[in-house]
Amino acid sequence: MTPPLVLSATYSFKNTAEVIHFMEGRSEREEYGRYGNPTVKVLESKIAQLDGAEACAVFSSGMAAITSTIIALTRSGSHVVLFGDCYRRTRQFVTQMLSRFGVSYTLVPPGDLDAVERAIVPETRLVIGEAPTNPYLHVTDLEALAKRCAKKRVHTLIDATFATPINMRPLEFGATLVTHSATKYLAGHNDVLGGSVAGPSGLVSLIRETRDIMGSICDPQAAYLIHRGLKTLALRVAAQNSSALEIARFLEAHPRIEQVWYPGLPSHRDHAVAARLMSGFGGVVTFRVKGDLDSTSQFIDRCQIPKIAPSLGGVESLIEQPALMSYFGLTTADREALGIYDNLVRFAVGIENTQDLVADLIEALR
Ligand SMILES: *Cc1c(COP(=O)(O)O)cnc(C)c1O
C-alpha cells in the first residue's frame, strides 16, 4: 500500500557481466542516486497520471524543476517569452541569469495573447505562463495560448502550482509541459520542498538528462512525503476551494475591504475563462484592506488562525503582506509600479473550519 523508502545513494552489481549487460542497455535497474530512485519513480508516475501526461520528472524544489526545464530546452541564441506577472524567481532566472548565457527574452503583459504572438521570433523555444498567477490570480485562456503557440511551433510551459491537477490540467488544453511547486498543494503540509514537470516522454527524457547533470534531483525522503501528501490532495483542494470562495465572498461584502481578487468571483477579470478551464478556483484569496502599510500590518497581526509566512497550499492557513514579504526593500512607488500595493494581503486558505476563519477575519478587521 505504501512505496518503500529506498535511501541507497548507489546500487551494486553482482559482477562485471551485469555491469556490461546494463551499460549495453539490456537491463532496467538502478545505478546511482542522481540518475533515479525507486521511491522517486513512484511519485513521478503518480504525478504524470494526475497531470494526464506521458511522463513526469520530479526535482528538489519548484525552482529546480522550472530552471532545469528551461535550461534543457534552450541554448545560446534561443529566445523565450514570459508573462510579466509570473513567479518572481522564474522572472529573475530568465531576465538576470539566463540572459548571461545568451538566451534572450520578451516580457508580455498578463494574459495578452496578441503580445505573445507578436513576441514570437524564429529563435523562440518556449512560452512560459502561469495560471492562476500570483498574487492577482489571472487565468490566461490556455487553450487559445496553446493554439497560437502550436501554430508557430513553440512549446508552452505552464506553472499550474496554484491550480493543482484537481482544479485544472493544462495539458488537456494543449500546453506542452506543466510544472508544479510540489512544496505547495501537492505535498500540502508545509514540511517538504519539491517540484515536478510533466509532458511528452521525449521532452521529459531531455529534462531528466539535464537534471542528471545539474543534480537538481528530489531526495527520496522528500518524494515519500510528497507521495503521502498526494493521497489527500483531492480532499484538501476541495475543502480549500469551498472555504476560499466563501471567504472571498465575505471579504467582498465587507465595508473595510477595498477590493478582492478571486477567480471564483464574477468581479474577477478572468472569471469567465477560469470558470471554463477550472473545476475549482483554488485556495488563495488576494485583497486590499482600506488602509495604509501600517494599518494593513495591524490587521494581519490581529489574525489568530492564519500564520504570517510565505508559501501556500498547506493545511495551515497562511497570510502575508506582499509589500513586506516578497517586495521588502522597495519604495512604495517602486512597488506600485509592479502592481504591489502597501495595503495588499495574500491569504492562502488552509483546511481549518471556514466559520472560524471568517470569525477571525471579522475580529481582526474590527
Ligand atoms: C512556490 C512557487 C514556485 C517555486 O517553488 P519552490 O518549491 O519554492 O522552489 C514556483 N511557482 C509558483 C507559482 C510558486 O508558488
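Taken together, the values in this text are just the output of simple stated rules run on the coordinates, not laboratory data. Quick caveat: nothing in here was measured; it's all calculated off a predicted structure. Counting neighbours? That spans all protein chains shown, and the Cβs are built from the backbone with ideal geometry, glycine included.
Expressed in whole Å with the largest first, what are the equivalent ellipsoid semi-axes of segment 18-146 derived from the C-alpha gyration tensor as the square root of 5 times each eigenvalue? Please list the in-between numbers first.
On the way: eigenvalues 217, 68, 38 Å².
Equivalent ellipsoid of segment 18-146: 33, 18, 14 Å, largest first.
Would you please give the residues with an amide H less than 5 Å from that of THR156, counting only those at least 5 places away or on a separate chain, with H modeled from the backbone geometry?
So THR156 has HN proximity to VAL127, THR176, LEU177.
Taking the Cβ-Cβ separation of ARG153 and GLU31 as r and a Förster radius of 30 Å, what is the calculated FRET efficiency to the nearest 0.05? Walk me through the intermediate numbers first.
Numbers: r = 35 Å, r/R0 = 1.18.
After rounding to 0.05, the efficiency reads 0.25.
Over segment 261-318, one equal point on each Cα, no solvent: what is log10 I(q)/I(0) by the Debye formula at q = 0.15 Å⁻¹?
Listed by q, the Debye log ratios stand at -0.60.
Going by amide H atoms built from the backbone, whose H comes under 5 Å of the H on GLN259, apart from near neighbours?
Those qualifying (amide H under 5 Å, at least 5 residues apart or on another chain) are ARG288.
Mind ranking 156-165, 90-99 by how tightly packed they are, going by the mean number of other C-beta atoms within 10 angstrom, highest first? All intermediate terms of the calculation are to be shown ahead of the outcome.
Numbers: 156-165: 26.9, 90-99: 15.9.
Per-residue mean Cβ counts within 10 Å order the peptides as 156-165, 90-99.
Quick one: among GLU24, GLU336, GLU172, which has the greatest mean-square fluctuation in a GNM of the chain with alpha-carbon springs under 10 angstrom?
GLU24
Choose one of SER326, ILE213, PHE347: the residue whose Cα lies farthest towards the positive end of the charge dipole of the chain (beta-carbon charges +1 Lys, Arg; -1 Asp, Glu; about the Cα centre).
Selected residue: ILE213.
Could you state the principal axis extents of the C-alpha atoms in segment 16-230, from the largest down, to the nearest angstrom?
The principal-axis extents, from largest down, are 57, 38, 29 Å.
Sort VAL285, VAL40, VAL260 by Cβ crowding within 10 Å, fewest neighbours at the top.
Values: VAL285 29, VAL40 25, VAL260 22.
The order, fewest Cβ neighbours first, is VAL260, VAL40, VAL285.
Report the full-extension gain for the segment VAL121 to GLN355: residue separation times 0.36 nm, less the Cα-Cα distance, to one decimal in nm.
Details: separation 234, 0.36 × 234 = 84.24 nm, distance 5.15 nm.
Contour length minus the Cα-Cα distance gives 79.1 nm.
Assuming a ≥ b ≥ c are the square roots of the Cα gyration tensor eigenvalues, decide whether segment 110-227 counts as rounded (a/c under 1.5), prolate (otherwise, with a/b larger than b/c) or oblate. If you can, show how the numbers build up before the last one.
Details: a/c = 2.37, a/b = 1.44, b/c = 1.65.
In terms of gyration-tensor shape, oblate.
Modelled label-to-label distance, GLU336 and ARG100, 7 Å Cα→beta-carbon offset: nm?
So the label points at GLU336 and ARG100 sit 3.4 nm apart.
Taking +1 at the Cβ of each Lys and Arg and -1 at the Cβ of each Asp and Glu, which of THR95, GLN259, VAL358 sits farthest along the dipole of the chain towards its positive end, judged by Cα position relative to the Cα centre?
THR95
So between SER311 and GLU18, what do we pick up on full extension, going 0.36 nm a residue minus the alpha carbon distance? Show your work: numbers first, answer last.
Values: separation 293, 0.36 × 293 = 105.48 nm, distance 4.61 nm.
Full-extension gain reported as 100.9 nm.
Could you put LYS14, LYS46, LYS151, LYS307 in order, starting from the residue whose Cβ has the fewest other Cβ atoms within 10 Å?
LYS14, LYS151, LYS307, LYS46
Let me see the pair-distance distribution of segment 205-319: every alpha carbon pair, 5 Å bin width, integer percents in order.
P(r) for segment 205-319, in whole percents per bin: 2, 10, 14, 17, 16, 13, 11, 9, 6, 3, 0.
Based on the mean of other beta carbon atoms within 10 Å per residue, what is the order of 121-128, 62-69, most packed first?
Working: 121-128: 18.4, 62-69: 24.8.
Descending mean neighbour count gives 62-69, 121-128.
Just going by the charge dipole of the chain, with Lys and Arg at +1 and Asp and Glu at -1 on Cβ, which of LEU245, GLN49, VAL121 is farthest out on the positive end?
Of LEU245, GLN49, VAL121, it is VAL121.
Starting with the fewest neighbours, write out ASP270, ASP219 ranked by other beta-carbon atoms found within 10 Å of each beta-carbon. Display every interim value, and only then the final one.
On the way: ASP270 23, ASP219 17.
Final ranking by Cβ density, sparse to dense: ASP219, ASP270.
Whole number please: convex hull volume per residue, Cα atoms of segment 190-251, in Å³.
Numbers: hull volume 8.4 nm³, N = 62.
Normalising the Cα hull of segment 190-251 by residue number yields 136 Å³.
Percent antiparallel among DSSP beta bridges with both residues in the chain, to the nearest 5? The partial results should precede the final answer.
Numbers: 23 of 42 bridges.
Counting DSSP beta bridges with both partners in the chain, the antiparallel share is about 55 percent.
Okay, helix-only estimate at 222 nm for the chain: each DSSP H run of n ≥ 4 adds -39500 (n - 2.57), divide by all residues, round to 500 deg cm²/dmol; what do you get?
On the way: 14 runs with 140 residues, N = 366.
-11000 deg cm²/dmol, from helical runs alone.
Could you tell me the distance between the Cα centroids of segment 243-285 and segment 293-366, to the nearest Å?
16 Å
What is the calculated FRET efficiency for LEU113 to THR232, with r their C-beta to C-beta distance and R₀ = 30 Å, to the nearest 0.05?
On the way: r = 36 Å, r/R0 = 1.20.
Result of the calculation: an efficiency of 0.25.
Give, rounded to the nearest 20 debye, the magnitude of the charge dipole that segment 16-230 has about its Cα centre when Lys and Arg contribute +1 at Cβ and Asp and Glu contribute -1 at Cβ. Spell out each step's value before the answer.
Working: 22 positive and 22 negative charges, 78 e Å.
Rounded to the nearest 20 debye, it is 380 debye.
Which of LEU50, LEU230, LEU318 ends up with the largest GNM mean-square fluctuation for the chain, with Cα atoms connected below 10 Å?
LEU50
Over what distance in Å are the Cα centres of segment 97-139 and segment 155-220 separated?
Taking the Cα centre of each part, segment 97-139 and segment 155-220 sit 18 Å apart.
Over the Cα atoms, compute the radius of gyration (one decimal) and Dmax (the largest Cα-Cα distance, rounded to a whole number) for segment 265-358, in Å.
Values for segment 265-358 (Cα only, Rg and Dmax): 14.3, 39 Å.
Using just the Cα positions, wrap segment 155-208 in a convex hull and report its mean projected area in square nanometres, one decimal place. Walk me through the numbers before you get to the answer.
Numbers: hull surface 15.4 nm².
The orientation-averaged projected area of the Cα hull of segment 155-208 comes to 3.9 nm².
Can you tell me, using C-alpha contacts under 8 Å and at least 6 residues apart, the relative contact order of the chain as a whole percent? Could the numbers behind the result be given before it?
Numbers: 711 pairs, mean separation 59.0, N = 366.
Dividing the mean separation by the residue count of the chain yields 16 percent.
State the dimensionless ratio Rg/Rh of the chain (Rg: radius of gyration of Cα atoms; Rh: Kirkwood radius). Can you show the working numbers first?
Numbers: Rg = 21.3 Å, Rh = 21.4 Å.
A ratio of 1.00.
Using the Cα centre of segment 233-365 as the reference point, and only Cβ charges (+1 on K/R, -1 on D/E), how large is the resulting charge dipole? Debye, rounded to the nearest 20. Spell out each step's value before the answer.
Details: 11 positive and 16 negative charges, 80 e Å.
Dipole about the Cα centre, nearest 20: 380 debye.
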